[in-house]
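J.: Dropping a structure here in structure tokens format, bear with me for questions.
The values are calculated or read from the model by the stated rules, or taken from the named source; none is laboratory data. Treat the numbers as computed from the prediction; the structure is a model and nothing was measured. Just the protein is used for accessible areas: all its heavy atoms, side chains included, with ligands, DNA and RNA removed. Shrake-Rupley method; radii C 1.70, N 1.55, O 1.52, S 1.80 Å.
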Amino acid sequence: MAQMTSNFEVWATVTQQYEVDLFCGWFMEVSNEGVSVSAHTMSLLAERGIDLSLDIYGPDEESDSGKVESY
């Protein structure tokens, strides 16, 4: 975010004309992993009208046949 403009008028124009979405995929290696987004980062996104979308994928599990299954 530091490399992008902090001019909120520019951001207001952009978010009025376009759907702005920050998309992140997170692939867990074990179940019950945690992740956090700092309050500062959430504030920066909110000030600019940027939605944060997360796709969270659980760890692969072995089936009875020994093959790895993804959920």
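J.: I'm spelling it out carefully: the read-out is Kirkwood radius over Cα pairs in Å, the candidates are (1) 12.5; (2) 14.9; (3) 13.1, and one was derived from this structure. Which label?
T.: Correct label, based on the coordinates given: (2).
J.: If you line up the long axis of helix 8-17 against the longest principal axis of the chain, both from Cα atoms, how many degrees apart are they, to the nearest 10?
T.: Relative to the chain, helix 8-17 is tipped by roughly 60 degrees.
J.: Could you tell me the accessible area of LEU45 in Å² (1.4 Å probe, neighbours in place), rounded to the nearest ten?
T.: Rounded to the nearest 10, that gives 10 Å².
J.: Normalised by the number of residues in the chain, what is the relative contact order in percent for Cα pairs under 8 Å and 6+ residues apart?
T.: Here the relative contact order equals 36 percent.
J.: In Å², what does the accessible area per residue of the chain work out to with a 1.4 Å probe?
T.: Ligands and nucleic acids excluded, the result is 83 Å² per residue.
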